[in-house]
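I have placed the structure first, in the form of structure tokens, so that the comments after it can refer back to it.
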Amino acid sequence: MIKFLVNILFFLLITASAFAQPSNDDCTRPYVLPDVTNYCSKVGEFTNIGATPSGYGPATCWNGTNKEVWFRFRAFFTEVSIAIIGTNVAEPNLPPGGSLRAPQVALYAGYCGGVISELECKSDGGTKGAVTIVEGGLIVGEDYLFRVDGFNGGAGTFQICINNYNPPVQPGQDCITGSVLCDKSPFVTHRLSGPGLDNDEASTGCLADGLGASEDQSAWYTWVAKNNGTLTFTIRPVTPGEDIDWELYELPGGIKQCNNKVSLRCNATHPVTNPPSNIVCGDVTGLSLTDNDIFEDLGCNRGENGFCKYIDMVQGRAYAIIINNFTNSGSGFSIEWGGTGEFLGPEANFSISPPSGLRCETDFIVVDSSTFQTGGITKYLWNFGKGAIPQTSNAKGPHSVRYSSFGEKYITLTVETDLGCQVTEIRRVFAEPCCEDLPTLQIRVDSVIDASCFGFKDGRIVVSGLSGNPYSDGSNGVPYYTFSLDGISFSPNNRFTNLPPGEYTIYIQDRKGCLTEIKVTIEEPSEIIPDVGLDREVDLGDVIDLTTQILPPDNYAFRWILGDSVYCKTCQDSRALPLYDQYFKIRATNSNGCFGEDSLFIKVKKNYDLWAPNVISANGDKINDVFKLFGKASIKNVESLKIYDRWGELLYVGENLDLLNPLDGWDGTFRGENAMTGVYVYLAKVRFIDDHILEKAGEFTLLR
């Protein structure tokens, strides 16, 4: 006997999907990304195929939400760029990141199960196959969420690339107002707006090859070499496929002394759609250690690839670069620096006392020790992290800091020099729990929903915290309690869903580090077990009895969901006439929608038995007076029966003869007269109930 024991809500099995539901289909179960400092997933690593709406509604710039998936990351710097790369049709020269044709992305602060606030939103609109969002002002050490969907309900695979960084001072649009860089940290400039007061400062180089002025949407950056060494960089447009051009200068008169600038390298190569095999211009450009071009002008000529030869920086000399969006869309770029040369700048540094063993509600001292050998530090910006008192400061310090909550904290110091450049230092500290003198923390079980059906993972537990702790006010929007199923990973979400039956330990922790637990059991309904008996073998034409026994006793709705010719499809017990080998399966469903199934296999023996008499008497005594065929219930009818005499003359033709009718055959007459005694020949064509055709021929003797 073959058992099919399935217990699940009936409506969930009405349709079947070719793809499993992604594990990060819900906001409460986001995919946690690793360190997102210049992170890129594998091509096609993620998917929204099979995903469903989470219940949060569409983001402000989306046209709906149908197949969304969620992600979470921790910010270690103050700005982030998130690129979702699907088919990437905007840049045919670059490989696609997956099959998603029109991605949408939205970034959030907050936590699932509570309040989330949208920070940034972008929809591809079905035109480019890739989208990028950039957002600043992130809190270091804070967790952020983003979700991905497809425009117009699109689904497919995609790649995620994230760059978390500290941005430089906002760049100017003229050389003299350019942003001063202190180090080679990568960054993203997400918007460019106009060419500045002088829109033709790059008129002597390759950027002047275009129509009109040499600047469209530009940004200037400048720096001083800290040492002798090589310099390379890579520039990528925020919007794939955009044309980003640049020119690199030496400033002989010093930083921001732009009148006598000397062009060192220049690149105005344009991305080429469907290029010939000997042209490889894409939308990525820069300086490399392997290219030999000093400049590449407008267009894309043979041997050009968007990169020029590296430069050798000289210690103490000043340099500047203009980066221009020739596409004139205002979309920005990202830049990564390389080579052995460094940029001159201050060193942001500070000490923490005591360096370890810190406890929440205990003061500790933060002392600045930043240095800048060739200039002065004019500004300090401190952020002591969430739960800190004070949280920020613009003073040099020292600072006395206290945390109102325990756990991992991040202290950020950004210093700015008299030249306007900024550097940032970030340190991690851990504030130990401090709950000895506080009221006992308790956990309350608000509700438990058992599994709907046997074997189904839809249990739910909702809990809350109880404490006389005076700090349990949820101030500053920070959840006071966090919860966990494993005692390791805590979150403010107090609802645990999609749980299989079993015993669970629920942990609760408050902001002070107090911890307690409670055990909760999710029960499981009894298994529904129908039993239709053992597999069997029958002859073709046999009618079988289908009888079902079932446990536990209940009021069930029955349905035979497999098997032909079942007399009553909705009966617990029924009969059937199987014509071929097959399974007969019954489903029993209770009032809660749970069901169980069982089946048996019927093997049908195809014995096409047929008999014909070898003698008939035809003397009118109604015994053996008619020549007809005989067989089992497997015969449907005799489609034709022909009788011939010994000379081959056709004496009788019968069609669609019924084997159960004793008179349906040849009565031994020909043209109204008794036929002569002797030997006759028959030729029969018989159809069985499975539509098999059998032809049979033979001889018989007619007697009187």
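The values are calculated or read from the model by the stated rules, or taken from the named source; none is laboratory data. Keep in mind that what you see is a predicted model, and the values were worked out from it rather than measured. For neighbour counting, all protein chains shown are included, and Cβ atoms are generated from backbone atoms with ideal geometry for every residue, glycine included.
A few remarks follow.
- If you filter region 86-132 down to residues that are modelled with pLDDT under 90 and assigned to a strand (DSSP E or B), you find that the one that is nearest to SER331 (Cα to Cα) is THR132.
- Any hit, region 639-647, residues being surrounded by fewer than 18 Cβ atoms within 10 Å (Cβ to Cβ), closer than 19 Å to GLY541 by Cα and assigned by TED's automatic domain parsing to the domain that holds LEU694: yes
- Taking the criterion of being in a loop (DSSP other than H, G, I, E, B), out of contact with any Ser or Thr (no Cβ under 6 Å at 6 or more places or on another chain) and either not polar (S, T, N, Q) or not assigned by TED's automatic domain parsing to the domain that holds SER393 (or both), the residues of region 361-382 that qualify are GLU361, GLY376.
- Selection from region 412-427 of residues that are under 13 Å from GLU347 (Cα atoms), part of a strand (DSSP E or B) and of a type outside the set (A, V, I, L, M): THR414, GLU416, THR417, GLN422, THR424, GLU425
- Index of the failed condition, ASP216 passing every other in (1) within 30 Å of SER123 (Cα to Cα); (2) assigned to a strand (DSSP E or B): (2)
- Failed item in (1) closer than 30 Å to GLU142 by Cα; (2) surrounded by 13 or more Cβ atoms within 10 Å (Cβ to Cβ); (3) without any contact (Cβ under 8 Å) to a residue 40 or more places away in the chain, with ALA576 passing the rest: (1)
- The residues on offer are GLY541, GLY513, GLY533, and the sole one that is touching a Cys at 6+ places or on another chain (Cβ under 9 Å), more than 25 Å from ASN592 (Cα to Cα) and part of a loop (DSSP other than H, G, I, E, B) is GLY513.
- Looking across region 447-489, the residues that are under 15 Å from CYS514 (Cα atoms), at pLDDT 85 or above and in a loop (DSSP other than H, G, I, E, B) come down to GLY487, ILE488.
- Residues in region 354-380 that are under 11 Å from HIS399 (Cβ atoms) and surrounded by fewer than 17 Cβ atoms within 10 Å (Cβ to Cβ) were compared, and the one that is modelled with the lowest pLDDT is ASP363.
- Lone qualifier among ASN607, ASN592, ASN624, ASN619 - being in a loop (DSSP other than H, G, I, E, B) and closer than 30 Å to ASP450 by Cα: ASN592
- If the condition is being out of contact with any Asp or Glu (no Cβ under 7 Å at 6 or more places or on another chain) and within 24 Å of PHE384 (Cβ to Cβ), then region 115-144 contributes VAL115, SER117, GLY137, ILE139, VAL140, GLU142, ASP143, TYR144.
- Among the residues making up region 147-166, those that are assigned to a strand (DSSP E or B) and either in contact with a helix residue (DSSP H, G or I) (Cβ under 7 Å, 6 or more places away or on another chain) or under 14 Å from ILE85 (Cβ atoms) (or both) are VAL148, GLY150, THR157, PHE158, GLN159, ILE160, CYS161, ILE162, ASN163.
- Number of the exception - PRO553 against (1) out of contact with any Leu (no Cβ under 8 Å at 6 or more places or on another chain); (2) under 30 Å from ASP458 (Cβ atoms); (3) modelled with pLDDT of 95 or more: (3)
- One residue stands out among those in region 59-81 that are more than 20 Å from the chain's Cα centre (by Cα) and under 14 Å from ILE139 (Cβ atoms): the one that is surrounded by the fewest Cβ atoms within 10 Å (Cβ to Cβ), which is GLU79.
- Some residue of region 291-305 being touching a Phe, Trp or Tyr at 6+ places or on another chain (Cβ under 6 Å), at pLDDT 90 or above and at negative phi: yes
- Some residue of region 31-43 being on the phi > 0 side of the Ramachandran plot and surrounded by 15 or more Cβ atoms within 10 Å (Cβ to Cβ): no
- ALA612 being of a type in the set (Gly, Ala, Ser) and under 30 Å from VAL532 (Cα atoms): no
- Failed condition for VAL604, given (1) of a type in the set (A, V, I, L, M); (2) touching a Phe, Trp or Tyr at 6+ places or on another chain (Cβ under 6 Å); (3) over 30 Å from ALA697 (Cβ atoms): (3)
- Applying the condition of being aromatic (Phe, Trp, Tyr) and touching a Cys at 6+ places or on another chain (Cβ under 8 Å) to region 11-58 and asking which residue is modelled with the lowest pLDDT yields TYR56.
- Filtered residues of region 521-570 (kept if small (Gly, Ala, Ser) and surrounded by 18 or more Cβ atoms within 10 Å (Cβ to Cβ)): GLY541, GLY563
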